[in-house]
Amino acid sequence: MRAFSSVFAIASLAAFASAQQCSGNTAICPNNQDGTSSTYLQCDSWAQKYVSVDCPSGQVCYANPTTPGSIMCSPPGSGGVPTAGTCTGHTAKCADPGNSGDYFSCEPWSGQYVNNACPSGLKCYNNQDATGVICQ
């Protein structure tokens, strides 16, 4: 039954992709849901239809909130964190400095922070110029 479910899901995704029109270089997550699919829909601007594209292995689709019509593929649970603000470059900041190992690292292409964590048992501290973190 599981094989049938997978085939049905793929067939449903393909039907959705071929039925929905698009323009330009837009990309969306299937059913507009973040973190649930290892594929995304990329516009074939010539045919004006979405085609299904695979995220890299182990990653899922997230809508890019800073650039409408674009997506990012990231590990499950690592979608952008709007409350962390926007970012540039390869910056990072602690979620709760000195109290947890959780921090936010910047995805420079999307301009948004994603969740990250220090190795187990270590706490996060912002570096001196507040552009990175130190795990101790």
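The values are calculated or read from the model by the stated rules, or taken from the named source; none is laboratory data. Keep in mind it's a predicted model, so treat the numbers as computed, not measured. In this analysis, Cβ positions are derived from the backbone assuming ideal geometry, glycine residues included, and neighbour counts consider all displayed protein chains. In case anyone asks, the SASA skips ligands and DNA or RNA and just uses the protein heavy atoms, side chains included. Shrake-Rupley method; radii C 1.70, N 1.55, O 1.52, S 1.80 Å.
One line per residue, one yes/no per condition, for (1) touching a helix residue (DSSP H, G or I) at 6+ places or on another chain (Cβ under 7 Å); (2) modelled with pLDDT under 90; (3) closer than 30 Å to residue 127 by Cα:
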site: 12; (1), (2), (3): no, yes, no
site: 26; (1), (2), (3): no, no, no
site: 29; (1), (2), (3): no, no, no
site: 32; (1), (2), (3): no, yes, no
site: 44; (1), (2), (3): no, no, no
site: 60; (1), (2), (3): no, no, no
site: 76; (1), (2), (3): no, yes, yes
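I'm checking my understanding of the structure. Among residues of the stretch 102-131 that are under 21 Å from the mean Cα position of the chain (by Cα) and of a type in the set (Gly, Ala, Ser), which one is most open to solvent (accessible area, probe 1.4 Å)? If you could, list the steps in order and put the result at the bottom.
First pass over the stretch 102-131, keeping only residues under 21 Å from the mean Cα position of the chain (by Cα): 102-118.
Those left that are additionally of a type in the set (Gly, Ala, Ser): 105, 110-111, 117.
Details: 105: 23, 110: 6, 111: 14, 117: 54 Å².
If we take residues in the stretch 102-131 being under 21 Å from the mean Cα position of the chain (by Cα) and of a type in the set (Gly, Ala, Ser), then 117 is most open to solvent (accessible area, probe 1.4 Å).
Could we say that residue 57 is of a type in the set (S, T, N, Q) and either part of a strand (DSSP E or B) or open to solvent by less than 60 Å² (accessible area, probe 1.4 Å) (or both) here?
Numbers: of a type in the set (S, T, N, Q): yes; either part of a strand (DSSP E or B) or open to solvent by less than 60 Å² (accessible area, probe 1.4 Å) (or both): no.
Taking the combined requirement at face value, the residue does not satisfy it.
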When the stretch 71-90 is examined, which residues are found to be among the polar types (S, T, N, Q) and either surrounded by fewer than 17 Cβ atoms within 10 Å (Cβ to Cβ) or in contact (Cβ under 8 Å) with a residue 60 or more places away in the chain (or both)?
83, 86, 88
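Of all residues being surrounded by fewer than 12 Cβ atoms within 10 Å (Cβ to Cβ) and either of a type outside the set (S, T, N, Q) or within 30 Å of residue 24 (Cα to Cα) (or both) in the stretch 91-101, which is farthest from the chain's Cα centre (by Cα)? Just the residue, please.
Restricting attention to the stretch 91-101, the residues satisfying the condition of being surrounded by fewer than 12 Cβ atoms within 10 Å (Cβ to Cβ) are 96, 98-99.
Okay, now just the ones that are also either of a type outside the set (S, T, N, Q) or within 30 Å of residue 24 (Cα to Cα) (or both), so 96, 98.
On the way: 96: 22, 98: 27 Å.
Selected residue: 98.
Restricting attention to the stretch 34-54, which residues are more than 23 Å from residue 86 (Cβ to Cβ) and part of a loop (DSSP other than H, G, I, E, B)? Break it down into steps so the answer makes sense when it comes.
Taking the stretch 34-54 as the starting set, the residues that turn out to be more than 23 Å from residue 86 (Cβ to Cβ) are 36-39, 41-54.
The answer is 36, 37, 38, 45, 46, 47, 48.
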Just checking, how many residues over the stretch 32-52 are exposed (fewer than 15 other Cβ atoms within 10 Å of the Cβ) and under 15 Å from the mean Cα position of the chain (by Cα)?
3
Being within 19 Å of residue 35 (Cβ to Cβ) and among the aromatic types (Phe, Trp, Tyr) is the filter; apply it to the stretch 80-136 and report the residue that is modelled with the highest pLDDT.
104
Considering residues that are open to solvent by 50 Å² or more (accessible area, probe 1.4 Å) and touching a Pro at 6+ places or on another chain (Cβ under 8 Å), the number found within the stretch 60-70 is 1
